[in-house]
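What follows draws every value from the coordinates through simple rules; no lab data is involved. None of the values given here were measured: they were computed from a predicted structure. Cβ atoms come from the backbone with ideal geometry, glycine included; neighbour counts cover every protein chain shown.
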Amino acid sequence: MKTSLDCVPCLLRQSLEAARAVTDDVGVQAHVVREVLQMLGALDLDRLPPFVAQAVHRRIHVLTGVEDPCRKAKMGRPRRYASVQAACEAAVAAEIANGGMYERLLTSTQRSDILNVLRNLQAASQQRHLPAFQRCAQGGGGGGGGRHRRGPGAQS
């Protein structure tokens, strides 16, 4: 699969997010974005998307001096909750945020295969996960209503 022009906005957004993760200095952020824009302007669309993304991330590293701008976010320990109910309340908030994320992602491509996957993920999040976490947060348990398939030999 060759790199598509649809990849450019996403790569630019990732560049800005990485710059913001490194510094609050808008000047540095703007410099990173301008440099990545220039790089993307010369983009070889025959290259595979992962190679293009890797080149962009290497450029961000050179510009910022930070090897992995998102390291803090990745290295965070899983949060501990005082109770299952508190964990479910946090999960409700996360699923609501996921709804917004899927809305944004659905506008980022016109490819029918990707749109189908995103719509299926959005439906699972908003129609299954969110209601289950809401029930749990209200003290009703988070049972999924038996929708998940179990493999051979699985026990209830």
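Miscellaneous remarks
- Sorted peptide list for 45-51, 19-25, criterion being average Cβ within 10 angstrom, highest first: 19-25, 45-51
- Sorted peptide list for 98-110, 26-38, criterion being average Cβ within 10 angstrom, highest first: 26-38, 98-110
- Theoretical gain in end-to-end length, Gln138 to Arg47 [0.36 nm per residue, Cα-Cα removed]: 27.7 nm
- The three principal axes of the C-alpha atoms in region 7-72 carry coordinate ranges of 35, 21, 18 Å, sorted with the longest axis first.
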